[in-house]
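The values are calculated or read from the model by the stated rules, or taken from the named source; none is laboratory data. For clarity, every value in this text was computed on a predicted model and none was experimentally measured. When we count neighbours, we look across all protein chains shown, and the Cβ atoms used for this are built from the backbone with ideal geometry, even at glycine. These accessible areas exclude ligands, DNA and RNA; they are computed on the full protein's heavy atoms, side chains included. Shrake-Rupley method; radii C 1.70, N 1.55, O 1.52, S 1.80 Å.
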Amino acid sequence: MIELKDVSKVYEIGGEKVTALDHADVKIEEGEFVSIIGPSGSGKSTMMNIIGCLDVADEGEYILDGISIEQYSESELARIRNKKIGFIFQNFNLLPKLTAEENVELPLIYQKMKATERKQLVAEALDRVELSNRKHHKPTELSGGQQQRVAIARALVTRPSLFLADEPTGNLDSATGEEILKLFHELHEAGNTIVLITHDNSVADEAERKIRIRDGKLSEVTA
């Protein structure tokens, strides 16, 4: 499903060149649950952005579903981001003026889906994360764990096959973090591919496979 071949990405910060990814090679099969673990500044978020088609590599090749990403047009990449990939972030990225229901509905509005279909899918997604009873609440009226559940509902409402989660438990207490990780296991058991990015070993251990990243270099972690 995902293959990075000799991928490098270099940024220039304050006149200095910083290598975020250094000839990275990785293959993630459909249906796998993989964690990418590394300290702050190791290149984790850059890797997520490239896998999620939010950024492009300077060198190397990214193959998604057997097709090099370079062969996709901008509109095709936008469609992939909206339909195929569910993004989940540490800071939830919810719009504060919208209710839980409205936040979850947003990706479907971008898809120009009919209102009746949207309503049904939003209801199913909120039910999946056990938040149907809070659907009219705005983010400020929800706990951190509830906000992350809304963010997960928003990610799964388009029925993506790939979930990219960047430090999804980073802003949560340990008990709430465990609840969120349980949700990821349920999504994985339903056949989804999950790439979980974290600095926390105990969170990384939840995955089937662990890939370590340090100074932009990748290495497989063996038990």
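Against the definition (open to solvent by 40 Å² or more (accessible area, probe 1.4 Å) and aromatic (Phe, Trp, Tyr)), how does Phe33 come out, yes or no? For Phe33, the condition - open to solvent by 40 Å² or more (accessible area, probe 1.4 Å) and aromatic (Phe, Trp, Tyr) - is not met. As a summary of the residue check, Leu94 satisfies the conditions (1) open to solvent by 10 Å² or more (accessible area, probe 1.4 Å); (2) farther than 21 Å from Glu124 by Cα; (3) in contact (Cβ under 8 Å) with a residue 40 or more places away in the chain except for the one numbered (2). Looking at the range 170-223, the strands (runs of 3 or more DSSP E) lying wholly inside it that each contain 2 or more residues that are among the β-branched types (Val, Ile, Thr) sit at 193-198, 209-214. With respect to Leu181, determine if the residue is in contact with a helix residue (DSSP H, G or I) (Cβ under 9 Å, 6 or more places away or on another chain) and either among the aromatic types (Phe, Trp, Tyr) or surrounded by fewer than 21 Cβ atoms within 10 Å (Cβ to Cβ) (or both). For Leu181, the condition - in contact with a helix residue (DSSP H, G or I) (Cβ under 9 Å, 6 or more places away or on another chain) and either among the aromatic types (Phe, Trp, Tyr) or surrounded by fewer than 21 Cβ atoms within 10 Å (Cβ to Cβ) (or both) - is met. The single condition among (1) at pLDDT 95 or above; (2) touching a Pro at 6+ places or on another chain (Cβ under 9 Å) that Ile152 does not satisfy is (1).
Each residue in the range 65-91 was checked for being open to solvent by less than 50 Å² (accessible area, probe 1.4 Å), of a type in the set (A, V, I, L, M) and free of Cβ contacts under 8 Å to residues at least 24 places away in the same chain, and 2 of them qualify.
Given the condition of a type in the set (Val, Ile, Thr), under 21 Å from Leu54 (Cβ atoms) and at pLDDT below 95, answer yes or no: does some residue in the range 83-97 qualify?
The first filter runs over the range 83-97 and keeps only residues of a type in the set (Val, Ile, Thr), leaving 85, 88.
Then keep just the ones that are under 21 Å from Leu54 (Cβ atoms); that gives 85, 88.
In the following step, the residues that additionally are at pLDDT below 95 were identified as 85, 88.
Yes, some residue in the range 83-97 is of a type in the set (Val, Ile, Thr), under 21 Å from Leu54 (Cβ atoms) and at pLDDT below 95.
Ala24 meets each of the listed conditions (1) touching a residue at least 40 places away in the same chain (Cβ under 8 Å); (2) out of contact with any Asp or Glu (no Cβ under 6 Å at 6 or more places or on another chain); (3) under 28 Å from Asn82 (Cβ atoms); (4) surrounded by fewer than 20 Cβ atoms within 10 Å (Cβ to Cβ) apart from (4). Screening the candidates Leu172, Leu126, Leu164, Leu142 for the property of being closer than 28 Å to Ile2 by Cα and either of a type outside the set (A, V, I, L, M) or buried (at least 18 other Cβ atoms within 10 Å of the Cβ) (or both) yields one hit, Leu164.
Among the conditions (1) farther than 23 Å from Glu186 by Cα; (2) in contact with a His (Cβ under 9 Å, 6 or more places away or on another chain), Phe163 misses just one, which is (1). For first residues located in the range 27-52 and of a type in the set (D, E, K, R), partners that are open to solvent by less than 10 Å² (accessible area, probe 1.4 Å) and lie 6+ apart or on another chain with Cβ distances below 6 Å form the pairs Glu30/Thr193; Glu32/Thr193; Lys44/Ile36; Lys44/Gly38; Lys44/Ile197; Lys44/Ile213. Whenever a residue of the range 102-126 is within 25 Å of Glu76 (Cβ to Cβ), its partners that are assigned to a helix (DSSP H, G or I) and open to solvent by 60 Å² or more (accessible area, probe 1.4 Å), lying with C-beta atoms within less than 9 angstrom and at least six residues away or across chains, give the pairs Glu105/Lys119; Pro107/Lys83; Leu108/Glu117; Gln111/Arg79; Gln111/Lys83; Arg118/Ile109.
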